[in-house]
Amino acid sequence: MTDRASKVWLDRPAEADATGQRGVIAFGDSALVERCRKGDMQAFGLLAAKYQDRLLNVIWRICPRRADAEELAQEAFLKALERLSQFRGQSQFYTWLVRIAVNLAVSHRRRVGRIKLHPLADCPEAEPSQAAALADAAGRRDAPPDSAAMAAETAARVAAELEALDEEFRIVLILRDIEDMGYAQIASVLELPAGTVKSRLHRARCMLKERLSDLVR
(Lines give C-alpha, C1' and ligand atoms only; values in the text may rest on other atoms or scores of the structure.)
Protein backbone atom coordinates (compact mmCIF):
# COMPACT_ATOMS: atom_id res chain seq x y z
CA MET A 1 0.00 0.00 0.00
CA THR A 2 1.30 3.46 -0.85
CA ASP A 3 1.87 6.14 1.78
CA ARG A 4 -0.82 8.24 0.15
CA ALA A 5 -3.34 5.43 0.31
CA SER A 6 -2.47 4.80 3.94
CA LYS A 7 -3.03 8.45 4.78
CA VAL A 8 -6.42 8.57 3.07
CA TRP A 9 -7.47 5.34 4.73
CA LEU A 10 -6.22 5.99 8.25
CA ASP A 11 -6.67 9.71 8.72
CA ARG A 12 -10.45 9.66 8.70
CA PRO A 13 -11.84 12.52 10.79
CA ALA A 14 -15.11 11.83 12.55
CA GLU A 15 -17.75 14.52 12.59
CA ALA A 16 -20.02 15.24 15.55
CA ASP A 17 -23.75 15.83 15.18
CA ALA A 18 -25.87 18.24 17.18
CA THR A 19 -25.87 15.86 20.15
CA GLY A 20 -22.09 15.59 20.15
CA GLN A 21 -22.10 11.98 18.88
CA ARG A 22 -18.93 11.12 16.99
CA GLY A 23 -18.81 9.37 13.65
CA VAL A 24 -21.93 10.96 12.14
CA ILE A 25 -21.27 12.36 8.68
CA ALA A 26 -23.20 15.59 8.22
CA PHE A 27 -22.02 16.66 4.77
CA GLY A 28 -23.68 15.63 1.51
CA ASP A 29 -21.61 13.70 -0.99
CA SER A 30 -21.82 16.40 -3.65
CA ALA A 31 -20.41 19.00 -1.27
CA LEU A 32 -17.64 16.68 -0.16
CA VAL A 33 -16.71 15.78 -3.74
CA GLU A 34 -16.55 19.45 -4.65
CA ARG A 35 -14.28 20.12 -1.67
CA CYS A 36 -12.07 17.20 -2.73
CA ARG A 37 -11.72 18.67 -6.21
CA LYS A 38 -10.41 21.84 -4.58
CA GLY A 39 -7.73 19.85 -2.80
CA ASP A 40 -9.45 19.33 0.55
CA MET A 41 -8.14 15.93 1.71
CA GLN A 42 -10.18 16.13 4.90
CA ALA A 43 -13.31 16.00 2.74
CA PHE A 44 -12.08 12.84 1.09
CA GLY A 45 -11.37 11.42 4.53
CA LEU A 46 -15.02 12.02 5.39
CA LEU A 47 -16.13 10.15 2.28
CA ALA A 48 -13.82 7.27 3.19
CA ALA A 49 -15.21 7.18 6.74
CA LYS A 50 -18.75 7.24 5.42
CA TYR A 51 -18.40 4.34 3.00
CA GLN A 52 -15.41 2.26 4.11
CA ASP A 53 -17.40 -0.48 5.86
CA ARG A 54 -19.95 -0.89 3.08
CA LEU A 55 -17.29 -0.93 0.39
CA LEU A 56 -15.16 -3.44 2.26
CA ASN A 57 -18.19 -5.69 2.66
CA VAL A 58 -18.86 -5.68 -1.10
CA ILE A 59 -15.26 -6.52 -1.96
CA TRP A 60 -15.02 -9.11 0.79
CA ARG A 61 -17.96 -11.04 -0.72
CA ILE A 62 -16.15 -11.21 -4.05
CA CYS A 63 -12.62 -11.77 -2.69
CA PRO A 64 -13.18 -13.56 0.62
CA ARG A 65 -9.64 -13.28 1.95
CA ARG A 66 -9.93 -10.44 4.44
CA ALA A 67 -6.42 -9.10 3.85
CA ASP A 68 -7.00 -8.96 0.10
CA ALA A 69 -10.36 -7.24 0.58
CA GLU A 70 -8.84 -4.57 2.81
CA GLU A 71 -6.03 -3.90 0.35
CA LEU A 72 -8.47 -3.69 -2.55
CA ALA A 73 -10.75 -1.33 -0.62
CA GLN A 74 -7.82 0.99 -0.02
CA GLU A 75 -6.86 0.77 -3.68
CA ALA A 76 -10.44 1.58 -4.68
CA PHE A 77 -10.44 4.76 -2.55
CA LEU A 78 -7.08 5.79 -3.98
CA LYS A 79 -8.26 5.25 -7.56
CA ALA A 80 -11.44 7.18 -6.80
CA LEU A 81 -9.31 10.07 -5.54
CA GLU A 82 -7.09 9.96 -8.62
CA ARG A 83 -10.09 9.78 -10.98
CA LEU A 84 -12.30 12.28 -9.19
CA SER A 85 -12.20 14.60 -12.19
CA GLN A 86 -13.95 11.84 -14.17
CA PHE A 87 -16.91 11.70 -11.79
CA ARG A 88 -19.70 13.65 -13.48
CA GLY A 89 -22.41 13.18 -10.89
CA GLN A 90 -24.57 11.09 -13.23
CA SER A 91 -24.85 8.49 -10.46
CA GLN A 92 -24.42 8.60 -6.71
CA PHE A 93 -20.82 8.86 -5.55
CA TYR A 94 -21.13 5.54 -3.71
CA THR A 95 -22.40 3.81 -6.85
CA TRP A 96 -19.42 5.14 -8.79
CA LEU A 97 -17.10 4.03 -6.00
CA VAL A 98 -18.58 0.52 -5.97
CA ARG A 99 -18.06 0.26 -9.73
CA ILE A 100 -14.36 0.94 -9.23
CA ALA A 101 -14.21 -1.54 -6.34
CA VAL A 102 -16.05 -4.33 -8.15
CA ASN A 103 -13.80 -4.00 -11.20
CA LEU A 104 -10.72 -4.20 -8.97
CA ALA A 105 -12.09 -7.19 -7.07
CA VAL A 106 -13.03 -9.09 -10.21
CA SER A 107 -9.64 -8.41 -11.80
CA HIS A 108 -7.89 -9.55 -8.63
CA ARG A 109 -9.93 -12.72 -8.42
CA ARG A 110 -9.17 -13.58 -12.03
CA ARG A 111 -5.47 -13.04 -11.42
CA VAL A 112 -5.18 -15.25 -8.39
CA GLY A 113 -7.71 -17.84 -9.53
CA ARG A 114 -10.76 -19.11 -7.72
CA ILE A 115 -10.35 -19.03 -3.95
CA LYS A 116 -12.41 -21.20 -1.66
CA LEU A 117 -15.00 -19.00 0.00
CA HIS A 118 -14.91 -19.05 3.79
CA PRO A 119 -18.35 -19.74 5.26
CA LEU A 120 -20.02 -16.54 6.38
CA ALA A 121 -20.51 -17.98 9.85
CA ASP A 122 -16.74 -18.41 10.24
CA CYS A 123 -16.06 -14.72 9.71
CA PRO A 124 -16.20 -12.46 12.78
CA GLU A 125 -17.94 -9.65 10.88
CA ALA A 126 -20.68 -11.85 9.47
CA GLU A 127 -24.22 -11.83 10.75
CA PRO A 128 -26.75 -14.67 10.41
CA SER A 129 -29.00 -12.28 8.49
CA GLN A 130 -26.50 -12.17 5.62
CA ALA A 131 -26.78 -15.88 5.01
CA ALA A 132 -30.53 -15.66 5.54
CA ALA A 133 -30.82 -12.93 2.91
CA LEU A 134 -29.44 -15.22 0.24
CA ALA A 135 -31.38 -18.23 1.43
CA ASP A 136 -34.55 -16.15 1.38
CA ALA A 137 -33.69 -14.96 -2.13
CA ALA A 138 -33.83 -18.58 -3.25
CA GLY A 139 -36.82 -19.49 -1.07
CA ARG A 140 -37.80 -19.87 2.57
CA ARG A 141 -35.43 -21.92 4.71
CA ASP A 142 -36.96 -24.84 6.51
CA ALA A 143 -34.79 -24.57 9.61
CA PRO A 144 -35.43 -23.79 13.30
CA PRO A 145 -34.69 -20.07 13.79
CA ASP A 146 -33.31 -20.65 17.29
CA SER A 147 -30.80 -23.30 16.26
CA ALA A 148 -27.30 -21.77 16.18
CA ALA A 149 -25.79 -24.96 14.80
CA MET A 150 -28.33 -25.13 12.00
CA ALA A 151 -27.80 -21.44 11.21
CA ALA A 152 -24.04 -21.94 10.96
CA GLU A 153 -24.47 -24.99 8.73
CA THR A 154 -26.91 -23.14 6.52
CA ALA A 155 -24.58 -20.14 6.26
CA ALA A 156 -21.71 -22.37 5.22
CA ARG A 157 -23.85 -24.13 2.64
CA VAL A 158 -25.21 -20.88 1.19
CA ALA A 159 -21.69 -19.45 0.97
CA ALA A 160 -20.42 -22.53 -0.82
CA GLU A 161 -23.28 -22.54 -3.33
CA LEU A 162 -22.91 -18.82 -3.91
CA GLU A 163 -19.24 -19.37 -4.64
CA ALA A 164 -20.12 -22.07 -7.15
CA LEU A 165 -22.18 -19.65 -9.26
CA ASP A 166 -20.59 -18.02 -12.29
CA GLU A 167 -19.16 -14.58 -11.61
CA GLU A 168 -21.89 -12.64 -13.43
CA PHE A 169 -24.60 -14.23 -11.30
CA ARG A 170 -22.70 -14.21 -8.02
CA ILE A 171 -21.98 -10.48 -8.19
CA VAL A 172 -25.53 -9.43 -8.97
CA LEU A 173 -26.77 -11.53 -6.02
CA ILE A 174 -24.20 -9.94 -3.72
CA LEU A 175 -25.15 -6.42 -4.77
CA ARG A 176 -28.90 -6.97 -4.58
CA ASP A 177 -29.55 -9.52 -1.85
CA ILE A 178 -26.68 -8.84 0.54
CA GLU A 179 -25.89 -5.18 -0.12
CA ASP A 180 -29.52 -4.26 -0.90
CA MET A 181 -28.61 -2.02 -3.83
CA GLY A 182 -31.39 -0.93 -6.17
CA TYR A 183 -31.65 -2.14 -9.75
CA ALA A 184 -30.61 1.22 -11.14
CA GLN A 185 -27.55 1.29 -8.89
CA ILE A 186 -26.54 -2.23 -9.90
CA ALA A 187 -27.05 -1.37 -13.56
CA SER A 188 -24.73 1.60 -13.12
CA VAL A 189 -22.11 -0.43 -11.23
CA LEU A 190 -22.07 -3.23 -13.79
CA GLU A 191 -22.70 -0.93 -16.75
CA LEU A 192 -25.64 -3.03 -17.90
CA PRO A 193 -29.26 -2.20 -18.81
CA ALA A 194 -31.62 -2.47 -15.85
CA GLY A 195 -33.57 -5.16 -17.69
CA THR A 196 -30.44 -7.27 -17.98
CA VAL A 197 -29.80 -6.86 -14.27
CA LYS A 198 -33.32 -8.05 -13.41
CA SER A 199 -33.07 -10.99 -15.79
CA ARG A 200 -29.65 -11.99 -14.48
CA LEU A 201 -30.82 -11.67 -10.88
CA HIS A 202 -33.85 -13.87 -11.58
CA ARG A 203 -31.65 -16.53 -13.14
CA ALA A 204 -29.18 -16.31 -10.27
CA ARG A 205 -31.93 -16.77 -7.69
CA CYS A 206 -33.35 -19.72 -9.60
CA MET A 207 -29.93 -21.36 -9.78
CA LEU A 208 -29.31 -20.75 -6.08
CA LYS A 209 -32.75 -22.12 -5.22
CA GLU A 210 -32.01 -25.27 -7.19
CA ARG A 211 -28.67 -25.70 -5.44
CA LEU A 212 -30.34 -25.18 -2.06
CA SER A 213 -33.41 -27.27 -2.86
CA ASP A 214 -32.95 -29.40 0.24
CA LEU A 215 -32.93 -26.30 2.46
CA VAL A 216 -35.69 -24.18 0.93
CA ARG A 217 -39.27 -24.65 -0.09
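The values are calculated or read from the model by the stated rules, or taken from the named source; none is laboratory data. This structure is a prediction, so every number in the text was calculated from the model and none was measured. No Cβ is skipped: glycine too gets one built from the backbone with ideal geometry, and neighbour counts run over all protein chains shown.
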- Query: Here are L134, L173: which of them is modelled with pLDDT under 85 and surrounded by 15 or more Cβ atoms within 10 Å (Cβ to Cβ)?
  - Reply: L134
- For segment 72-110, how many residues are surrounded by fewer than 17 Cβ atoms within 10 Å (Cβ to Cβ) and among the hydroxyl-bearing types (S, T, Y)? 2
- Just one listed residue, out of S213, S199, is modelled with pLDDT of 95 or more, out of contact with any Ser or Thr (no Cβ under 8 Å at 6 or more places or on another chain) and either part of a helix (DSSP H, G or I) or not aromatic (F, W, Y) (or both), and it is S199
- Looking across segment 36-86 at residues that are over 15 Å from W96 (Cβ atoms) and in a loop (DSSP other than H, G, I, E, B), the single one that is modelled with the lowest pLDDT is P64
- Query: Any idea which of E161, E168, E179, E191 is modelled with pLDDT under 90, within 20 Å of R109 (Cα to Cα) and surrounded by fewer than 20 Cβ atoms within 10 Å (Cβ to Cβ)?
  - Reply: E179
